[in-house]
Amino acid sequence: KAVVSTQSTGVLILQHYYITNNLSFLMSFYTSNHDSLYKSDSNWSFITQKVHQLFKDKKLKELQTQQNQQMFNGTCGTRKRHNLSLEYKNTLMKRGMKCLLENLNEEKRRSGENYDLLYNLGELWSEFMREIIPTLQLIFANIKHLNAKGDSVERITLEQFRDDVVLCTDIETVIQNIIQQNESVYEIPRSVIQMLLVLGNLANSDKTSENQRRICNLCSLVVKPYINPFEDAKTIQQY
């Protein structure tokens, strides 16, 4: 009985040691992961604020530092691709594009009858391509594809600009009026023509979007010859 008792005591001691050490390990694992998760979420909040500031000010030089770049890469790398894609489109881009559209509308209110949509849209496009897209590519430099389709940061950003800025203006009416009044397409700023061609090129991998069809229709009005990928009979129109 003494031997059995001693053995039982030994087993209990071993069990207690095993449980204590495993609990200690689990608590340490939870704490480290909780701290990491909290830090990641805190960093993501910082990124969200800076991206919004980028769309507001059109420039964000302080992002181009090695310390910030390492933080961006680490934070984005800890987020699942599906979640990152949704957060990028539904949070970052929706808010950012809303800011750009509000800027256009504010300029329209200030200018009144003298407001030139194509000029202002062309200026916005130039800033968008020169400042905003390169900075976003820098922030998400370690993310090659944002979703399972293989879409890049640049492509998704361009799609959002198409849907939430360009096609939320009166650009279709303005360009159609220019054509109907037999005015030269050279009245349309080069930056706007470039914008339409770049956005029209998104049709190469997306021929189902109604918004993409609208952009390609605009391209066919201002660029000749132009092959509209949404037309069944593809005819090249000459001047």
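The values are calculated or read from the model by the stated rules, or taken from the named source; none is laboratory data. Because the structure is a prediction, the values reported are computed rather than measured. Neighbour counts are summed over all protein chains in view; Cβ atoms, including those assigned to glycine, are modelled from backbone coordinates with ideal geometry. The accessibility values were calculated without ligands, DNA or RNA, using every heavy atom of the protein model including side chains. Shrake-Rupley method; radii C 1.70, N 1.55, O 1.52, S 1.80 Å.
The string of couplings for the stretch 136-142 from the Karplus curve (6.51, -1.76, 1.60, θ = phi - 60°) is 4, 5, 5, 4, 9, 4, 8 Hz, one whole number per residue in order, with x for Gly and Pro. In the structure shown, the pairs LYS50/LYS108; LYS59/LYS89; LYS98/LYS224; LYS108/LYS149; LYS94/LYS224; LYS98/LYS144 are assessed against 30 Å; a Cα-Cα span above that value is assigned to LYS98/LYS224; LYS108/LYS149; LYS94/LYS224. Computed over protein heavy atoms with a 1.4 angstrom probe, the accessible surface ordering of GLU106, GLU113, GLU210, GLU187, largest first, is GLU113, GLU187, GLU210, GLU106. Sorting ARG214, ARG190 by solvent-accessible area of protein heavy atoms yields ARG190, ARG214, largest first, with a 1.4 Å probe. Ranking of ASP57, ASP151, ASP163 by solvent-accessible surface, largest first: ASP57, ASP163, ASP151 (1.4 Å probe, protein heavy atoms only, all chains present). Among residues other than GLU106 with Cβ under 13 Å from its Cβ, the summed charge is +3 (Lys and Arg +1, Asp and Glu -1).
Across the stretch 144-152, computed HN-Hα scalar couplings (Karplus, 6.51 cos²θ - 1.76 cosθ + 1.60, θ = phi - 60°) run 6, 9, 8, 8, 5, 6, x, 6, 8 Hz from first to last residue, x flagging Gly and Pro. Accessible surface for THR173 stands near 80 Å², nearest 10, in the context of the full protein assembly shown (1.4 Å probe).
The heavy atoms of VAL222 present about 10 square angstrom of accessible area, all protein chains included, probe 1.4 Å. Taking θ as phi - 60° and the Karplus parameters 6.51, -1.76 and 1.60, the scalar couplings of the stretch 105-122 work out to 5, 5, 5, 5, 5, 6, 7, x, 5, 7, 5, 10, 4, 5, 5, 5, 5, x Hz in sequence order, x denoting glycine and proline.
The residues packed around VAL166, meaning those with a beta-carbon under 12 Å from its beta-carbon, carry a net charge of -3 if Lys and Arg are +1 and Asp and Glu are -1.
Distant-in-sequence amide contacts of ASP151, defined by a placed amide H-H separation under 5 Å and a gap of 5 or more residues or a different chain, comprise LEU146.
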